[in-house]
Each structure stands twice: as C-alpha cells, then as structure tokens.
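A short worksheet on the structure shown next.
The values are calculated or read from the model by the stated rules, or taken from the named source; none is laboratory data. All figures in this text were calculated on a predicted structure; none of them were measured in a lab. We place every Cβ from the backbone using ideal geometry, glycine too, and count neighbours over all the protein chains shown. The area values use the complete protein model at the heavy-atom level, side chains included, leaving out ligands, DNA and RNA. Shrake-Rupley method; radii C 1.70, N 1.55, O 1.52, S 1.80 Å.
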Amino acid sequence: MAQGPFSRGVVAAPHAAAAEAGRQILAEGGNAIEAMIAAAATIAAVYPHMTHVGGDGFWLIHQPSRRVHGIEACGFAGERATLKSYLDKGHYEIPARGPLAALTVPGAVGGWRLANAMAKASGGTLPRSVMLEPAIRAAREGYKVSRSQASLTVDKLYELKDCPGFAETFLVGGKPPAEGALMRQPALADSLEHLARSGFQDAYRGDIARELARDLEEMGSPVTRADLQAYYAVERTPLSLAHSLGTVHNMPPPTQGLASLMILGILDQLEAMHGPVRQDTVAFVHRIVEATKRAFLVRDRFVTDYDRLDGNPLDHLRTEALRTEAGAIALDRALPWPHRAAPGDTIWMGAADSEGRVVSYIQSIYWEFGSGCVSKSTGFLMQNRGASFVLDPKALNPLEPGRRPFHTLNPAMAQLADGRVFSYGTMGGEGQPQTQAQIFERHVRHGMPLEEALDAPRWLLGRTWGSSVTSLRFESRFDEDLVRKLGSMGHQTAMLDEGWSDTMGHAGGVTLHTDMSLSGAHDPRADGGAAGL
C-alpha cells in the first residue's frame with residue numbers, strides 16, 4: 001500500500017498496473033506529469049468500470065516554482081441536448097444509462113493534451129508513443145478483471161446489458177466476466193495507438209472524432225461532431241484556502257472542490273474557537289460531519305458551470321464566512337439531515353518527481369461504467385455525467401447545450417507550513433469531500449502516517465454508489481459505543497458489515513518532502529498502491 005522514500009519519483013493509483021505504468025515513465029526519464037498521463041491512459045484499459053477515455057478529468061499541478069496550476073477537462077452538453085428534446089420523449093429526469101445519458105463531450109483526453117503541453121514547457125521530452133505504450137499493451141494483450149469490475153458487472157447488468165456496445169466490450173459470452181479473467185479492449189488499443197501517432201487533439205478534430213461522432217449519432221446520443229470540434233480543456237486558477245497548517249488547493253466550480261475546502265476551513269475555525277479534539281473521538285467525528293453539512297448546503301445553492309456562477313467562490317473561503325459557518329454548528333447535537341446526494345465512480349491518482357512537480361489528478365465516467373454506451377469504432381466508453389443536469393429551466397444546473405454539468409470530482413493539494421507538498425484525493429461521489437477531510441485531519445493535523453490514515457476506518461454521510469441510504473454510515477471497525485453516542489446527539493447512524501468498504505471510496509496520496517525525497521500510498525480498499533524510483 002505504501003512505498004518510499006524515493007529519490008526520483010512516485011505514482012499512487014487504485015490499480016497496480018496504472019502505478020507501474022507511471023513508474024515506467026519515470027524510469028524512462030519522464031516527469032510527474034508525463035507519468036500521470038501514462039497512468040491515466042492505463043487505468044482506462046484495466047479499470048474500465050471506474051474510469052475511461054469517454055469521461056472527464058481535473059488536474060492540479062504543482063511546479064518547481066511552487067505555482068499550482070489547474071486544468072478543467074470536463075465536457076459540455078451536446079448541441080442536441082435540449083430540455084424540449086428530453087421532455088418530448090416523455091422524460092422528466094435524464095436517464096442514467098443509455099444514449100440519452102451520454103450527453104456530454106468526453107473531456108479527459110483534452111486534459112491529457114493540455115497537461116502534456118505543460119510537461120513539455122517544463123522540460124518533458126517523452127513522446128506520446130512512450131507514455132501510451134503501457135495502456136496500449138494492456139488493452140491489446142489483455143488485463144485481469146478485478147474483483148470490483150466482476151462484482152459491479154453482475155450488480156449492474158440489468159441496467160447496462162442493452163446499452164450499445166456494452167455486451168460486446170465487457171461481457172464474455174453474454175455473461176459477466178469472472179474475477180481474474182483476461183479481457184481485452186482492441187478498439188481502445190487502436191485509438192490509443194492513433195492518438196500516439198496523430199496527437200491527442202485527434203479525439204476532437206481528427207479521424208477518431210469522426211468515427212466517434214458517427215457512432216454517437218447512430219446510437220442516439222445528443223453529442224455531435226461539431227460539439228467535439230468545439231471542445232478544449234482549459235486552465236483554471238485553483239481555489240485556495242489559507243489554513244493554519246498551510247495553503248490548501250482544489251478546483252473551482254463546476255466541481256465540489258469549494259465544499260472540500262470549506263470543510264477544512266470550518267474545522268480550522270472550530271479548532272480556533274473551541275480548542276482541539278482528540279483524533280477519532282465522538283467530538284472529532286461530530287465536528288467533521290457537521291462541517292460537511294454546512295459546506296454541502298453552500299455547495300448545493302451555489303456550484304454550477306464556471307461561466308454561469310452567481311458570485312465569487314472565494315467569498316465562501318474567507319475567514320469571516322468560515323467563522324460564521326463554524327458558529328452555526330452545535331457541538332452537542334446534529335443538524336437534521338439528509339439532503340439529496342450524488343453517486344459517482346471515479347479514480348484519483350497522484351504523482352511527484354524530485355524536481356518539485358506534484359500532480360493530483362481525478363478522472364471519471366460518473367456512475368459505474370458511465371452511460372454503458374461504447375463506441376464500436378473507437379472503444380470509448382461514454383460517461384453519464386450529464387445525468388446531474390435537471391430538466392427544469394429554473395434549476396441551478398438545468399440541461400442546456402454547451403453547459404457544463406455539476407461535478408463531484410475534486411483533486412486536492414496542500415502546500416504545508418512545514419514545507420511539504422501533499423497531493424491527495426479519492427473517488428466516491430458525495431463521499432469525496434468527507435474522505436478528503438478525514439485523511440487531512442488524521443494525517444496532517446494529527447500526524448498519523450499516511451498509510452495508516454488511508455487504512456483507518458471511515459464514515460460516510462449520505463448516499464453514494466447508487467445507494468438509497470442517507471444515514472451516517474460507519475465501517476464495522478468503529479467502536480460501537482462511539483456510534484451510539486453520536487446517535488444520542490441526533491445523528492442517524494448505521495454500521496456496515498464490512499471493515500473496509502468500497503462505499504468509503506478509494507483514497508491515496510503522494511508527498512514531496514522538504515529534502516526532496518518522495519513517498520506515496522494508496523487505499524487498501526482498492527486494487528493498487530504506490531510505485532516509484
């Protein structure tokens with residue numbers, strides 16, 4: 001799970017093949033950004049239920065200058081994705097699966113293109129063919145089906161089996177694959193080879209774009225070739241929180257990065273107002289849960305497409321605003337809950353190199369297997385991120401051509417006061433800000449070693465992974481007396497049967513230390529780890 005210290009570079013990923021792909025790039029003389037591109041492509045080839053090239057991505061990149069860059073690689077709704085078109089078909093909410101769920105442009109490859117440009121600008125020399133070779137090999141020669149892919153294919157088969165291209169790509173003889181079975185994605189391998197030769201832009205303005213657009217039109221998706229041609233990933237200034245332990249960064253809307261930073265800021269204010277609490281006590285859990293609720297209330301009335309924001313997200317990160325939110329928290333009772341929660345299937349990966357580059361990257365197709373629709377010509381599995389739109393023109397996030405959907409994705413990074421740079425994150429939809437907070441508080445504030453902080457039992461407020469449960473759920477390793485005391489404070493609690501549950505997300509982190517050594521770790525709940533040189 002944990003690796004280090006390393007002297008040249010480290011990559012942490014939820015699948016061992018992705019971590020190894022990044023390590024190979026570091027061994028070839030590549031930097032952390034190039035290693036992450038390799039890992040991002042490989043994870044699509046070996047972990048397709050969690051992420052794919054038909055999804056979106058968000059990057060935080062710390063440069064040796066200590067400047068932090070953000071890349072927004074999320075696609076917008078297609079030109080045919082209108083309210084009227086869905087209502088005329090009898091839909092009062094957007095379908096979660098099928099062609100009408102595949103309604104946004106896949107942005108991830110555009111993010112690879114912009115990240116590669118940043119890598120080259122800071123001295124990177126590796127060609128695309130080298131970076132994509134591990135992914136091409138895995139897709140062409142085959143990969144072993146993970147436990148989670150096998151179980152989720154069974155669990156979601158009824159929803160996915162009739163989606164165009166799904167059965168041909170992800171079933172074996174019409175049945176879900178067994179754990180350990182060898183699977184291939186030959187069309188994806190062909191596309192990755194073409195991208196290696198022609199450039200990442202080909203996914204939007206070349207042969208791949210032409211083939212993808214044709215397949216999307218045939219299956220009935222609202223995304224057109226003109227939509228693909230119009231798409232570019234963009235650089236965004238990250239949101240930054242001035243924290244007592246350093247400066248914490250995350251991505252701006254349409255991600256929920258604002259909520260992740262607000263939770264940490266509110267907790268910092270609670271510490272200043274009421275003093276510290278011991279780790280993993282009733283007070284520790286209560287404070288984080290209540291800070292989560294306050295942050296989610298702001299998120300749900302504010303976060304939308306970056307270009308359609310009504311106000312400045314930084315206003316919610318100012319000391320006065322965070323102190324007000326902290327002051328609204330009762331230390332002895334829970335705020336009544338729940339509210340609507342968002343599911344999500346995602347991967348987080350981190351990388352760092354000895355020259356001072358640190359990457360926090362998150363890539364997603366939203367739900368497990370996304371829309372379920374696979375382009376037969378390109379092998380792209382299309383996301384269903386557009387399901388977060390609402391078919392109501394008065395809503396905060398209404399369906400509208402050209403509009404970006406709300407994103408649960410949010411990579412995190414902290415420039416700590418002691419000089420370390422800590423890149424961290426998780427998958428898990430609604431659970432992402434909560435897991436980030438638990439890791440930060442345990443590892444950064446309380447000094448728990450990272451591998452122990454990732455292994456420690458976690459909780460989740462609200463539903464995720466498609467569950468209808470909205471209570472405050474705990475892994476079974478939590479002390480039952482602690483859970484009972486939280487229940488007496490008004491929390492609606494429930495204990496899971498599992499000690500290490502996928503429900504709690506797959507988290508990880510990498511650290512650039514002050515002596516320029518590197519370390520990393522990834523979640524025991526996943527199938528990966530950290531690898532480096």
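Descriptive notes on the structure:
- Hey, Ala135 surrounded by 21 or more Cβ atoms within 10 Å (Cβ to Cβ), more than 30 Å from Glu355 (Cα to Cα), of a type in the set (Gly, Ala, Ser) and modelled with pLDDT of 95 or more or not: no
- Every residue from the stretch 282-309 that is open to solvent by 30 Å² or more (accessible area, probe 1.4 Å) and more than 19 Å from Pro238 (Cβ to Cβ): Val282, Ala283, Arg294, Leu297, Asp300, Arg301, Arg308
- Given (1) open to solvent by less than 10 Å² (accessible area, probe 1.4 Å); (2) at pLDDT 95 or above; (3) within 24 Å of Gln149 (Cα to Cα); (4) touching a strand residue (DSSP E or B) at 6+ places or on another chain (Cβ under 6 Å), number of the condition Ala38 does not satisfy: (4)
- Of all residues making up the stretch 153-183, the number that are free of Cβ contacts under 8 Å to residues at least 12 places away in the same chain, out of contact with any strand residue (DSSP E or B) (no Cβ under 8 Å at 6 or more places or on another chain) and among the aliphatic types (A, V, I, L, M): 1
- Residue pairs whose Cβ atoms lie under 9 Å apart, separated by 6 or more positions or on different chains, with the first residue in the stretch 444-457 and on the phi < 0 side of the Ramachandran plot and the second open to solvent by 60 Å² or more (accessible area, probe 1.4 Å) and among the basic types (Lys, Arg), are His446/Arg278; Ala456/Arg477; Pro457/Arg477.
- Some residue of the stretch 265-275 being outside any helix (DSSP H, G or I), free of Cβ contacts under 8 Å to residues at least 60 places away in the same chain and either open to solvent by less than 10 Å² (accessible area, probe 1.4 Å) or on the phi > 0 side of the Ramachandran plot (or both): yes
- Qualifying residue in the stretch 153-161 (condition: among the hydrophobic types (A, V, I, L, M, F, W, C), part of a loop (DSSP other than H, G, I, E, B) and more than 30 Å from Gly29 (Cα to Cα)): no
- Qualifying positions in the stretch 77-124 - of a type in the set (S, T, N, Q) and at pLDDT 95 or above: Thr82, Ser85, Thr104, Asn116
- Selection within the stretch 494-511 - open to solvent by less than 10 Å² (accessible area, probe 1.4 Å) and assigned to a strand (DSSP E or B): Ala507, Gly508, Gly509, Val510, Thr511
- Residues in the stretch 138-154 that are over 22 Å from the mean Cα position of the chain (by Cα) and open to solvent by 30 Å² or more (accessible area, probe 1.4 Å): Arg140, Glu141, Lys144, Val154.
- Which numbered condition Ser85 misses (of (1) more than 20 Å from Gly402 (Cα to Cα); (2) of a type in the set (Ser, Thr, Tyr); (3) open to solvent by less than 30 Å² (accessible area, probe 1.4 Å)): (1)
- Restricting attention to the stretch 119-137, the residues that are in contact with a Lys or Arg (Cβ under 9 Å, 6 or more places away or on another chain) and outside any loop (DSSP other than H, G, I, E, B) total 3.
- Residue check: Thr346 meets all listed conditions (1) more than 26 Å from Thr503 (Cβ to Cβ); (2) in a strand (DSSP E or B); (3) at pLDDT below 95 but one, namely (1).
Let's see how each residue does on (1) over 14 Å from Ile362 (Cα atoms); (2) touching a strand residue (DSSP E or B) at 6+ places or on another chain (Cβ under 7 Å); (3) modelled with pLDDT of 95 or more:
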site	(1), (2), (3)
Asn31	yes, yes, yes
Ala44	no, no, yes
Tyr47	no, yes, yes
Gly57	no, yes, yes
Pro64	yes, no, yes
Gly75	yes, yes, yes
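- On inspection, Val289 qualifies as within 21 Å of Ile439 (Cβ to Cβ), modelled with pLDDT of 95 or more and among the aliphatic types (A, V, I, L, M).
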